[in-house]
1. Can you tell me the FRET efficiency between residue 44 and residue 95 if r is taken as the Cβ-Cβ distance and R0 is 35 Å, rounded to the nearest 0.05?
2. Specify the angular offset, from 0 to 90 degrees and rounded to the nearest 10, of the alpha carbon long axis of helix 83-126 from the longest principal axis of the alpha carbons in the chain.
3. Relative contact order for segment 30-127 using alpha-carbon pairs under 8 Å, separation at least 6, rounded to a whole percent?
4. Scan segment 1-64 for GluC sites (Glu not before Pro) in coil per DSSP, keeping those whose Cβ has at most 14 other Cβ atoms within 10 Å, and list them by number.
5. If I stretch the segment between residue 11 and residue 102 completely, what's the gain in nm (0.36 nm per residue apart, minus their alpha carbon distance), one decimal?
6. Set Lys and Arg Cβ to +1 and Asp and Glu Cβ to -1, take the dipole of segment 7-127 about its Cα centre, and tell me which of 109, 82, 57 lies farthest positive.
7. Under a point spin-label approximation (7 Å from Cα along Cα-to-Cβ), what is the residue 27-residue 72 distance to one decimal in nm?
8. Evaluate the chain: find the radius of gyration of its Cα atoms, find its Kirkwood radius, and give the ratio Rg to Rh.
Amino acid sequence: MEIITQIVWLIILPLPIACITWTVTQEEIFKELKGYCNNSYKSSTSIYKKKFFYLFTCEYCFSHYITLFFLLSTGFKLLINNWVGFIISEFALVWMANMYMSLYAFVRQDIKREKTEIGIMNKMTEQ
């Protein structure tokens, strides 16, 4: 794969990784799963169970497994066309996906702050 094609993959492939990771670990649709995993993580005595359930509460941790799924599905390798390229791809894609999630969280926080400010200003003008 040419380097330009690899760069395009490195920019595009983390988007669905970030989307799936964020949705499972942060959004309301998986609130019950996240609550169950959080409770199981805290109450479990087995280190394996703790690690397994923690996986679904941490977007950074979960993104590694989603990335692994996408790498196995696509066969994408970065820079080197062997297992080393696979390892490089794993960490590069996780990093990019987490950058996208951080950017999304920042934008979302800013929108929420603006909505709150507008709500406060509307209440003040009504009074």
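Computed from the coordinates by the stated procedures, all read-outs in this text should not be read as laboratory data. This one's a predicted model, so the numbers in the text were calculated from it and none came from an experiment. Virtual Cβ from ideal backbone geometry, glycine too; neighbours counted across all protein chains shown.
1. Efficiency, from the Cβ-Cβ distance: 0.75.
2. 10 degrees
3. Worked out over segment 30-127, it gives 16 percent.
4. Sparse-neighbourhood loop GluC sites (Glu not before Pro): 2, 27.
5. Separation in residues times 0.36 nm, less the Cα-Cα distance, equals 31.3 nm.
6. Value computed over the given set: 57.
7. For residue 27 paired with residue 72, the spin-label model returns 2.3 nm.
8. My calculation puts Rg/Rh at 1.13.
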